[in-house]
Amino acid sequence: PPGVTTPVRENIMLNLEKVVRSQYSSPGIHGQEIVTHVLQDDVLKNQWFQDVKKMHARISGIRKVLHENLKHIRNFANVYNEKTQHGMFYFSNLNKNQIKQLREEYSIYLTEDGRISLSGLNSGNMEYVCEAMKKVTNEHS
């Protein structure tokens, strides 16, 4: 605000940072209560395990299809494959220029190190994503 001295402004910012930090480093107890409730109920616990298995199968399937579509790209399949990768991301080994081109020309967003979120891929967009990746690597037919 106008007329606030630098020391006062710095003090306000310091206090705001403390409030924000406490919100991020000490999340509410809601998540813990939900997990406790689910894990203490055998029916809910079994359903949760089934749901996790389904999610794992879906992500693994997406990874395999992605890899099968892109494994011929030089310097791509040599580094990572569907058997060596785990988790929700696929490491593409694309360079920063290729990542930028995917973002600007195809609206496909990867992290700066080339990770693509597998949870955002599905049968409706897989072909589009794979073709775009082939184009930016100059490996399209």
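The values are calculated or read from the model by the stated rules, or taken from the named source; none is laboratory data. In this text, all values refer to a predicted model and were calculated from it rather than measured experimentally. All Cβ positions, glycine included, derive from the backbone under ideal geometry; neighbour counts span all protein chains shown. Calculation scope for accessible area: heavy atoms of the full protein, side chains included, ligands and nucleic acids excluded. Shrake-Rupley method; radii C 1.70, N 1.55, O 1.52, S 1.80 Å.
Probing with 1.4 Å while keeping every protein chain in the model, the per residue accessible area of the chain equals 73 Å².
Quick check on my link table: of LYS71/LYS135; LYS64/LYS96; LYS71/LYS96; LYS96/LYS135, which ones sit more than 18 Å apart, alpha carbon to alpha carbon? Pairs exceeding the cut-off: LYS64/LYS96; LYS71/LYS96. Among the listed options (i) 1.09; (ii) 0.97; (iii) 1.18, the one matching Rg/Rh (Cα atoms, Kirkwood Rh) as calculated from these coordinates is (iii). The fraction of accessible area contributed by carbon and sulfur in the chain is 56 percent, rounded to a whole number (1.4 Å probe; ligands and nucleic acids excluded). When each of the peptides 10-20, 120-130 is scored by the mean number of other C-beta atoms lying within 10 Å of its residues, the order from highest to lowest reads 120-130, 10-20. Modelled this way, with points 7 Å down the Cα-to-C-beta line, the labels at GLN23 and ASN95 are 4.2 nm from one another.
Could you give the Stokes-Einstein D for segment 11-56 in µm² per second, using the C-alpha Kirkwood radius, 37 °C, 0.692 mPa s? So the translational diffusion coefficient is about 249 µm²/s.
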